[in-house]
């Protein structure tokens with residue numbers, strides 16, 4: 001019996017030693033995590049809540065107080081607007097049937113350029129129709145796609161009426177279904 005008690009006592013001591021080792025490792029890990037959290041929190045606090053310097057505040061006040069220059073449009077900068085009839089085309093989507101209805105306005109340099117647009121209106125409408133019907137839904141659904149389409153229309157119309165005659169193209173209606 002004495003041997004059994006010694007054996008049990010030795011096993012209990014070994015178990016306690018293992019628990020102490022495991023407990024100390026766990027304690028070290030917990031302390032390290034707490035230190036990292038405290039350091040991270042302090043860093044975030046200083047980044048988010050640090051006050052701007054007096055110089056930065058003075059710059060902002062100076063910018064707010066300075067009068068903003070408003071540029072009024074001059075008669076030379078305002079062009080003549082030519083409204084086109086609406087375009088209704090099927091989009092070039094192989095998987096689904098989508099259509100686009102767009103109404104455009106062309107801003108041209110002067111009355112002479114307006115006369116050119118009216119003179120070449122069938123050719124202008126033809127080129128715009130061909131361009132619109134070559135687009136897919138993905139081409140025209142995003143803002144970037146609409147801007148790209150506007151640039152392409154400007155390029156085609158400028159080729160027809162001459163460089164420098166067209167100032168801008170405006171979409172007054174743009175429906176995709």
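Inspect segment 143-157 for any residue being assigned to a loop (DSSP other than H, G, I, E, B), modelled with pLDDT under 95 and out of contact with any strand residue (DSSP E or B) (no Cβ under 7 Å at 6 or more places or on another chain) and give the result as yes or no. No, that holds for no residue. Can you name the residue in segment 142-177 that is within 14 Å of residue 87 (Cβ to Cβ), touching a residue at least 60 places away in the same chain (Cβ under 8 Å) and in contact with a helix residue (DSSP H, G or I) (Cβ under 9 Å, 6 or more places away or on another chain) and is also surrounded by the most Cβ atoms within 10 Å (Cβ to Cβ) among such residues? Ranking the qualifying residues of segment 142-177, first place goes to 169. When residue 139 is tested against the conditions (1) modelled with pLDDT of 90 or more; (2) surrounded by 13 or more Cβ atoms within 10 Å (Cβ to Cβ); (3) out of contact with any strand residue (DSSP E or B) (no Cβ under 6 Å at 6 or more places or on another chain), the lone failure is (1). If the condition is being touching a residue at least 40 places away in the same chain (Cβ under 8 Å), surrounded by 15 or more Cβ atoms within 10 Å (Cβ to Cβ) and in a helix (DSSP H, G or I), then segment 117-132 contributes 117, 124, 128, 132.
The values are calculated or read from the model by the stated rules, or taken from the named source; none is laboratory data. Keep in mind it's a predicted model, so treat the numbers as computed, not measured. Neighbour counts are summed over all protein chains in view; Cβ atoms, including those assigned to glycine, are modelled from backbone coordinates with ideal geometry.
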